[in-house]
Amino acid sequence: MATRIIESKQNARVKALRAALLRPGRGDTKVVALEGLHLVSEAAQSGVEIETVFVAHGSENLITKLGISDSVEVLAMPQEVLDSAVSTESPQPIAALAQARSWTWPDLIPAPPSPSLIVLLAGIQDPGNLGTILRSAEAFGATGAVCLPGTVSPWNPKAMRASAGSIFRLPLIWAKPARSFETLRAAGVQTLAAMARDAQSLGGHDLAKPVALLIGAEGSGIPPELAAQCDARVMIPCPGPVESLNAAVAAAVLLYEASRQRALTSPASKKQRHP
C-alpha cells in the first residue's frame, strides 16, 4: 500500500476532510468524514468504501489494523496538519474520507413475512441522541430509520461516535413527512407517535406487526401535524415523578418492547411453548 507524504494544511484532500467534518451532509451526501481508529475501522469492516486515509507521522502502523484495500489512498502528514482538519478537542492520529452508503425505501421495508420496524426521527437536534437512537435501533432489530426535516445530520461526528458503528449498517434515508406516511401506509406499516401524555399505554399495542415509531425533538416533542397523521399515539408508563423521557431513552424503550413482543411471537418461541 503506497503512502503519500503531505506537508501543507492547504492540501486539497486535507481541505476536503476539514469541510466534511465542519459541514456534515444530509440525504444527498456522497462523501463523509470519519475521525479516529474506531470509526474508520467500523466503517471498513461494515463494507463502507474508504476513499482516503489520513494518518499522522509515527502512527502509520494503525493502517494495518483497518483491513482496507491496497487501492485506498493513504496520506501521511505531521500531526499539526491533521489537527488543523479534525474537530475533536483531543485529535486522534487517523481519519478518513468515505463514500456514504445509499439506501432506499425497499431497504427499510423487508418482504413478508419479515415485519418492518422503522424509526421516524422528527427534528432530533442533539447528535448524541441521534447516534444513540441508531445504535438502539440496530441492537433491537430495527429494519431502518428515516430522518425527517429538521433532524441533525447522522454524519455529524458526535452522532457517528454515539452510534458505535450502527450508522454504517442500519438502512437510513432522508424523506419528507408526506412521502414517508404515504409509503408506510401503502406497505401496511402502522405508524405510532411516541407522546409524553394524552396517549394510550404502550403495552396495549401489537408491536410484532409492521410498525414505524415516530420520535419527536427534545423538549418540543412531535409536531401536532405529524402526530395527527399517525395511526395511534402511545406513551411509556412512568410511575416516577418525571414529565418525560429523553428522546434516545424513549426510543430505546419502544424498540425494546417491539423486540420483546416479536421474540414472543416468533416461530421458534411458539414451538418451545407448544411442543
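The values are calculated or read from the model by the stated rules, or taken from the named source; none is laboratory data. Since the model is a prediction, treat every value here as computed from it, not as a measurement. Cβ placement follows ideal geometry from the backbone for every residue including glycine, while neighbour counts extend to all protein chains displayed. Please note that ligands, DNA and RNA were not included when accessible areas were found on the heavy atoms of the full protein model with its side chains. Shrake-Rupley method; radii C 1.70, N 1.55, O 1.52, S 1.80 Å.
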Global geometry of region 128-275, whether rounded, prolate or oblate, following the gyration tensor of its Cα atoms and the 1.5 cut on a/c:
rounded
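Note down the magnitude of the dipole of the chain about its Cα centre, charges +1 on Lys and Arg C-beta and -1 on Asp and Glu C-beta and zero elsewhere, to the nearest 20 debye.
It works out to roughly 640 debye.
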Residues with beta-carbon under 12 Å from that of SER46, excluding SER46: net charge, scoring Lys, Arg +1 and Asp, Glu -1?
-1
When the helix-only estimate is applied to the chain (DSSP H runs of n ≥ 4, each -39,500 (n - 2.57), divided by the residue count), what is the mean residue ellipticity at 222 nm, nearest 500 deg cm²/dmol?
-9000 deg cm²/dmol
Using the charge dipole of region 1-129 (Lys, Arg: +1 at Cβ; Asp, Glu: -1 at Cβ; taken about the Cα centre), state which of ILE6, ALA44, HIS57 has its Cα farthest towards the positive end.
ILE6
In region 16-63, which trypsin sites (Lys or Arg not before Pro) are in a loop and have at most 12 other Cβ atoms within 10 Å, using DSSP for the loop call?
LYS30
Just going by the charge dipole of region 63-154, with Lys and Arg at +1 and Asp and Glu at -1 on Cβ, which of GLN79, PRO93, SER153 is farthest out on the positive end?
SER153
Ranked by GNM mean-square fluctuation in the chain (Cα springs under 10 Å), the top entry among ALA252, ALA196, ALA12 is ALA12
With a point put 7 Å past each Cα toward its Cβ, work out how far SER114 is from ALA199 in nm, to one decimal.
2.7 nm
Within the set SER41, SER71, SER244, GNM on the chain using Cα springs under 10 Å gives the largest fluctuation to SER71
Could you calculate the contour length gain from GLU60 to ARG23, that is, 0.36 nm times the residue separation minus the distance between their Cα atoms, to one decimal place in nm?
10.6 nm
Put ASP206, ASP231 in order of accessible area, largest first, probe 1.4 Å, and you get ASP231, ASP206
MET195 - accessible surface, heavy atoms, 1.4 Å probe, Å² rounded to 10:
40 Å²
For region 65-138 and region 170-229, what is the centre-to-centre distance using only Cα atoms, to the nearest Å?
24 Å
I'd like the carbon and sulfur percentage of the solvent accessible area for the chain, probe radius 1.4 Å, heavy atoms only, ligands and nucleic acids excluded.
53 percent
Roughly what % of DSSP beta bridges within the chain run antiparallel, to the nearest 5?
30 percent
Rounded tilt (10° steps) of 12-22 against the dominant C-alpha axis of the chain:
30 degrees
Which order do THR183, THR265 take when ranked by solvent-accessible area (1.4 Å probe, heavy atoms of all protein chains), largest first?
THR265, THR183
Sequence order, region 163-173: Karplus ³J(HN,Hα) from phi using 6.51 cos²θ - 1.76 cosθ + 1.60, θ = phi - 60°, Hz rounded, Gly and Pro as x, gives 6, 6, x, 4, 4, 7, 10, 7, x, 9, 9
Note on region 1-85: alpha-carbon gyration tensor, axes a ≥ b ≥ c; rule is a/c under 1.5 for rounded, else prolate if a/b larger than b/c, else oblate; result oblate
Would you list ASP126, ASP198 from the most to the least accessible area, probe 1.4 Å?
ASP198, ASP126
So in region 116-275, what percent of DSSP beta bridges are antiparallel if you round to the nearest 5?
5 percent
Solvent accessible area, Å² - LYS65, 1.4 Å probe, full protein context
120 Å²
Percent of beta bridges antiparallel (DSSP, region 164-259, rounded to nearest 5)
10 percent
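Is the chain rounded, prolate or oblate when judged by the Cα gyration tensor, a ≥ b ≥ c being the square roots of its eigenvalues, rounded requiring a/c under 1.5 and prolate requiring a/b larger than b/c? Present the calculation step by step, with values, prior to reporting the outcome.
On the way: a/c = 2.38, a/b = 1.93, b/c = 1.23.
Prolate is the answer for the chain, as a/c is 1.5 or above and a/b outweighs b/c.
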Expressed in nanometres to one decimal, the distance between label points 7 Å along Cα→Cβ at ALA228 and ALA186 is 2.4 nm
